[in-house]
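Contents: one structure, followed by commentary.
The values are calculated or read from the model by the stated rules, or taken from the named source; none is laboratory data. Quantities reported herein were computed from a predicted structural model and do not represent experimental measurements. Don't worry about glycine lacking a Cβ; one is built from the backbone with ideal geometry, like all the others, and counts go over all protein chains shown. Heavy atoms of the whole protein, side chains included, go into the accessibility calculation; ligands, DNA and RNA do not. Shrake-Rupley method; radii C 1.70, N 1.55, O 1.52, S 1.80 Å.
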Amino acid sequence: MDDGRPLFIQIAEAIEASILDGSLAEDEQAPSTNELAAFHRVNPATAGKGLNLLVDRGILLKRRGLGTFVAPGAQQMVRNERVEQFAQHYVDPLLDEARAIGLDTKAVLAMIRDRDAS
């Protein structure tokens, strides 16, 4: 955990990855702030900030006196967000460059199919 991004974001993304791959199921209790802090060797406030980021986005739900739980529909929410991020970070720049060098969508798709077949 030291790729230059804030630790609380890395913690939130690790939880998202667990939700996405199903190792942390919907309605299941998420790790506590103290568990996350010990595991990642960070201050509990940093771990809590990562959890709260996911609570604010509706991916996790706080249940008073019980802890934090994965929200119903969280896996699909995370998947949808990741698809949009993928499009913004990879597809949009790809299409911009393709247009700049005179390639149409059909040519780009053919290139992708050719590379995928290899």
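For residue 35, the requirement of being of a type in the set (D, E, K, R), open to solvent by 40 Å² or more (accessible area, probe 1.4 Å) and modelled with pLDDT of 95 or more is met.
This table checks each residue for (1) closer than 15 Å to residue 18 by Cα; (2) of a type outside the set (Ser, Thr, Tyr); (3) part of a loop (DSSP other than H, G, I, E, B); (4) open to solvent by 90 Å² or more (accessible area, probe 1.4 Å).
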| residue | (1), (2), (3), (4) |
| --- | --- |
| 39 | yes, yes, no, yes |
| 72 | yes, yes, yes, no |
| 85 | no, yes, no, no |
| 91 | no, yes, no, no |
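Pick from 70, 78, 83: which is of a type outside the set (Lys, Arg) and without any contact (Cβ under 8 Å) to a residue 40 or more places away in the chain? Answer to the selection: 83. Within region 23-47, being more than 14 Å from the chain's Cα centre (by Cα), in contact (Cβ under 8 Å) with a residue 24 or more places away in the chain and farther than 17 Å from residue 81 by Cα holds for 25, 27, 28, 29, 30, 32, 36, 40, 42, 46, 47. Would you say residue 20 is open to solvent by 40 Å² or more (accessible area, probe 1.4 Å), under 23 Å from residue 83 (Cα atoms) and under 14 Å from the mean Cα position of the chain (by Cα)? It is true that residue 20 is open to solvent by 40 Å² or more (accessible area, probe 1.4 Å), under 23 Å from residue 83 (Cα atoms) and under 14 Å from the mean Cα position of the chain (by Cα). Scanning region 10-21 for residues that are out of contact with any helix residue (DSSP H, G or I) (no Cβ under 7 Å at 6 or more places or on another chain) and either assigned to a loop (DSSP other than H, G, I, E, B) or in contact (Cβ under 8 Å) with a residue 40 or more places away in the chain (or both) yields 10, 21. In region 49-61 there is at least one residue matching the filter, namely being surrounded by 13 or more Cβ atoms within 10 Å (Cβ to Cβ), in a helix (DSSP H, G or I), free of Cβ contacts under 8 Å to residues at least 60 places away in the same chain and among the small types (Gly, Ala, Ser).
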